[in-house]
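Asks: Okay, here's the structure, questions in a sec.
The values are calculated or read from the model by the stated rules, or taken from the named source; none is laboratory data. This is a predicted model, so every value here is computed, not measured. As a convention, Cβ positions derive from the backbone with ideal geometry for all residues, glycine included, and neighbour counts pool all protein chains shown.
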């Protein structure tokens, strides 16, 4: 599954405004044909393989002890995919689905450019705020489609 996701992410990574719709349509179709999907239930047996992050526990005990009643901070692999790894772990009990989640995020952005493109009047208000440095639509899409790449919106 990872190889298929990586191929589709690479296709999305190399889009431009003129071929965006065609590439996204092909990626959607291939996603369905290759059955790139996420599991319905978490892999609870594998969930224990991530170790508890002791430094986070110490910090949380000092600053937000109530959070430790319902949550346990764990270590995830820090390879630039950590946001998608942490979401995968939180939802599915394993980091293994990070590339599928990245692919779906890239498809979401590509298929709904009007929501993420600050040059479009109907985009999300977050992207239009002058006190934030939001990436251009194509930069955001490329950041999300690039494995081991962080996506960020910064303040000037």
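Asks: Quick one: count up the residues across the range 26-54 that are surrounded by 10 or more Cβ atoms within 10 Å (Cβ to Cβ) and modelled with pLDDT of 80 or more.
Replies: The qualifying residues number 3.
Asks: Looking for whichever is surrounded by 18 or more Cβ atoms within 10 Å (Cβ to Cβ), in contact (Cβ under 8 Å) with a residue 60 or more places away in the chain and within 28 Å of residue 6 (Cα to Cα) here; the options are 100, 148. Which one fits?
Replies: 100
Asks: Looking only at the range 48-93, count how many residues are part of a helix (DSSP H, G or I) and within 18 Å of residue 150 (Cα to Cα).
Replies: 8
Asks: Could you check the range 122-141 and list, in sequence order, the residues that are under 20 Å from residue 21 (Cβ atoms) and surrounded by fewer than 19 Cβ atoms within 10 Å (Cβ to Cβ)?
Replies: The answer is 122, 123, 136, 138, 139.
Asks: Of all residues in the range 69-78 being free of Cβ contacts under 8 Å to residues at least 12 places away in the same chain and within 25 Å of the chain's Cα centre (by Cα), which is surrounded by the fewest Cβ atoms within 10 Å (Cβ to Cβ)?
Replies: 70
Asks: Tell me, which helices (runs of 4 or more DSSP H) wholly within the range 94-140 include 3 or more residues that are in contact with a helix residue (DSSP H, G or I) (Cβ under 6 Å, 6 or more places away or on another chain)?
Replies: So the answer is 98-111.
Asks: Can you spot a residue in the range 6-23 that is surrounded by fewer than 10 Cβ atoms within 10 Å (Cβ to Cβ), within 22 Å of the chain's Cα centre (by Cα) and modelled with pLDDT of 80 or more?
Replies: Yes; the residues of the range 6-23 include at least one that is surrounded by fewer than 10 Cβ atoms within 10 Å (Cβ to Cβ), within 22 Å of the chain's Cα centre (by Cα) and modelled with pLDDT of 80 or more.
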